[in-house]
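The values are calculated or read from the model by the stated rules, or taken from the named source; none is laboratory data. All values derive from a computational prediction rather than experimental measurement. Cβ sites come from the backbone with ideal geometry, for glycine too, and all protein chains shown count toward neighbours.
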Amino acid sequence: MLGVAAASPLLLATGCGSSESDAQADSDEQLREDVAAQEAQLIAAYGATIAKFPALSDRLKPFRDQHIEHKQRMVPGESSTPTVTAPTIPDAQPAALRSLRKAERDAASDRVTACEKANAAQLARSLALIAASESQHSTSLTGGS
Amino acid sequence: MTEAEVSALRAALSGEYAATYAYGLIGAQLTGAEQQRALAALDSHRQHRDTIRRELAAASVPVPAPAAVYDTGVRIDSAPTAINLAIEVERRLVPQWADVASAKTGSGRISAVKTGQECAVRAVVWGGQPQAFPG
C-alpha cells in the first residue's frame, strides 16, 4: 500500500515532465524550421540580386554563403534548394543594396526574438551567433553602396 | 543563478577584462576618429564588465579579478596592429556572450544576445569581415 501510494505521484510527475519536454522539443523544432525558411528567403534575395547585378557578385556571395551556413545549422542536411520565391529586386543598384540591408537588419532583430524562444541551450547559442552574424551583414552593407 | 550561468558570466567577464586592457593599448596607437571609436568601445566594455561584476556579486558568487597583464600575441606598436587586435578582441567576445545568452532566459538572454551583436558589429566597423558564426 505504501509502495503504491509513493509510486503514483512519481509516475504522474514523470508523465508531466515528459510531455513538457516533448512540447519544448516540438517548439524548438518549429523554431528551427521557421528560421531555416527565413534564411532561405535571404538566400533567394541574394541570389536574385546577384543575378540582376552581376557586378555585385564578389561582394555579395560571401553574405549569401553565410546564410546557407545558417540554414544548414538550423536544419542540417536539408538540400539548399528551397522552394521560395525570390523577392522583386529594385531596378537601381543602390536601392537593391538598401533592400538587402533592411532584410538583414530585420533578420538580425528576428533572430534575437527567436533566441529568446529557444528551449535547448545549444539552439539558443546558435541563434545568438546567427543574430550577431546578421548584424555584421547589415553594418557591412551600409558602407560603400 | 545556475552553474551554467555562473560559468558563462565568468568567461564573458574574462573577455571583457581582456577587452578593456586591449583598448588601452589600441587607443594609444590611434588618432582622431579612430581613437574616439576606441574610447567609445572601451567605455562600452567597461560597462559590460561592471554589469557582470555586479551580477555575480548580487548572486554571492566570487568575482574573479582581472589579470595584471594580457598576452596580445603580437606587439601593439602601430595603428594596423592596434586595429587587428580590436577586431580579434571583439570577435572573441561574440561566442562568450552567446554562451551567456544560452545560459539565461527571458530579458537576460535578450540583453546578452544584443551585447554579442554589438561586439560583432564593432569587429566589422574596425574592418573585419562578417562571419557566419562570429568568433
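Take the residues in region A:79-107 that are within 14 Å of the chain's Cα centre (by Cα) and of a type in the set (Asp, Glu), then tell me which one is farthest from B:Ala120 (Cα to Cα).
Within region A:79-107, the match that is farthest from B:Ala120 (Cα to Cα) is A:Asp106.
How many residues, within region B:63-81, are in contact with a Lys or Arg (Cβ under 9 Å, 6 or more places away or on another chain) and in a loop (DSSP other than H, G, I, E, B)?
Of the residues in region B:63-81, 3 are in contact with a Lys or Arg (Cβ under 9 Å, 6 or more places away or on another chain) and in a loop (DSSP other than H, G, I, E, B).
Residue by residue through region A:96-145, note down the ones that are within 14 Å of A:Tyr46 (Cα to Cα) and of a type outside the set (Gly, Ala, Ser). Give the derivation first.
Our first condition is that a residue be within 14 Å of A:Tyr46 (Cα to Cα); within region A:96-145, this holds for A:96-104, A:107, A:134, A:137-138, A:141.
Hits for region A:96-145 are A:Leu97, A:Arg98, A:Leu100, A:Arg101, A:Lys102, A:Glu104, A:Glu134, A:His137, A:Leu141.
Does region A:106-113 contain at least one residue that is within 12 Å of B:Ala101 (Cα to Cα) and surrounded by 15 or more Cβ atoms within 10 Å (Cβ to Cβ)?
yes
Does at least one position in region A:130-145 carry a residue that is within 14 Å of chain B (Cβ to nearest Cβ) and at positive phi?
Going through region A:130-145, the residues within 14 Å of chain B (Cβ to nearest Cβ) turn out to be A:130-144.
If we keep only those that are at positive phi as well, we get A:144.
Checking region A:130-145: at least one residue is within 14 Å of chain B (Cβ to nearest Cβ) and at positive phi.
Find the residue count for region A:115-124, including only residues that are part of a helix (DSSP H, G or I) and buried (at least 24 other Cβ atoms within 10 Å of the Cβ).
Taking region A:115-124 first, the residues part of a helix (DSSP H, G or I) are A:115-117, A:121-124.
Subsequent filtering for residues that are buried (at least 24 other Cβ atoms within 10 Å of the Cβ) retains A:115, A:124.
Number of matching residues: 2.
Which number in (1) over 13 Å from the mean Cα position of the chain (by Cα); (2) more than 8 Å from chain B (Cβ to nearest Cβ) marks the one condition that A:Ala121 misses?
A:Ala121 satisfies every listed condition except (2).
Mind telling me which of the residues A:Asp65, A:Asp106, A:Asp110 ends up being in a helix (DSSP H, G or I) and at the interface with another protein chain (Cβ under 10 Å from one of its Cβ atoms)?
Details: A:Asp106 fails: at the interface with another protein chain (Cβ under 10 Å from one of its Cβ atoms); A:Asp110 fails: at the interface with another protein chain (Cβ under 10 Å from one of its Cβ atoms).
That would be A:Asp65, the only listed residue that is in a helix (DSSP H, G or I) and at the interface with another protein chain (Cβ under 10 Å from one of its Cβ atoms).
Could you run through region B:76-121 and say how many residues are over 18 Å from A:Lys117 (Cα atoms), among the basic types (Lys, Arg) and either within 9 Å of another protein chain (Cβ to nearest Cβ) or surrounded by fewer than 19 Cβ atoms within 10 Å (Cβ to Cβ) (or both)?
Of the residues in region B:76-121, the ones over 18 Å from A:Lys117 (Cα atoms) are B:76-96, B:118-121.
Now restrict to residues that are among the basic types (Lys, Arg): B:91-92.
This time we only want the ones that are either within 9 Å of another protein chain (Cβ to nearest Cβ) or surrounded by fewer than 19 Cβ atoms within 10 Å (Cβ to Cβ) (or both), so: B:92.
Summing the residues that are over 18 Å from A:Lys117 (Cα atoms), among the basic types (Lys, Arg) and either within 9 Å of another protein chain (Cβ to nearest Cβ) or surrounded by fewer than 19 Cβ atoms within 10 Å (Cβ to Cβ) (or both) in region B:76-121 gives 1.
Mind listing whichever residues of region B:111-133 are farther than 19 Å from B:Pro80 by Cα and of a type in the set (D, E, K, R)?
B:Lys114, B:Glu118
Among (1) modelled with pLDDT under 95; (2) under 30 Å from B:Ser111 (Cβ atoms); (3) within 13 Å of chain B (Cβ to nearest Cβ), there is one condition A:Pro76 misses while meeting the rest; what is its number?
Every listed condition holds for A:Pro76 apart from (3).
Tell me whether region B:6-22 contains one or more residues that are over 21 Å from B:Pro134 (Cβ atoms), free of Cβ contacts under 8 Å to residues at least 40 places away in the same chain and surrounded by fewer than 17 Cβ atoms within 10 Å (Cβ to Cβ).
There is no residue in region B:6-22 that is over 21 Å from B:Pro134 (Cβ atoms), free of Cβ contacts under 8 Å to residues at least 40 places away in the same chain and surrounded by fewer than 17 Cβ atoms within 10 Å (Cβ to Cβ).
Every residue, every condition in (1) farther than 13 Å from B:Ala132 by Cβ; (2) surrounded by fewer than 21 Cβ atoms within 10 Å (Cβ to Cβ); (3) in contact (Cβ under 8 Å) with a residue 60 or more places away in the chain, yes or no:
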site: A:Ala37; (1), (2), (3): yes, yes, no
site: A:Tyr46; (1), (2), (3): yes, no, no
site: A:Phe63; (1), (2), (3): no, no, yes
site: A:Lys71; (1), (2), (3): no, no, no
site: A:Arg98; (1), (2), (3): yes, yes, no
site: A:Ile130; (1), (2), (3): no, no, yes
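Among the residues of region B:43-59, are any under 27 Å from A:Arg125 (Cβ atoms) and not in a helix (DSSP H, G or I)?
Taking region B:43-59 first, the residues under 27 Å from A:Arg125 (Cβ atoms) are B:44-59.
Now narrow it down to the ones that are not in a helix (DSSP H, G or I): B:59.
The answer is yes, given that some residue of region B:43-59 is under 27 Å from A:Arg125 (Cβ atoms) and not in a helix (DSSP H, G or I).
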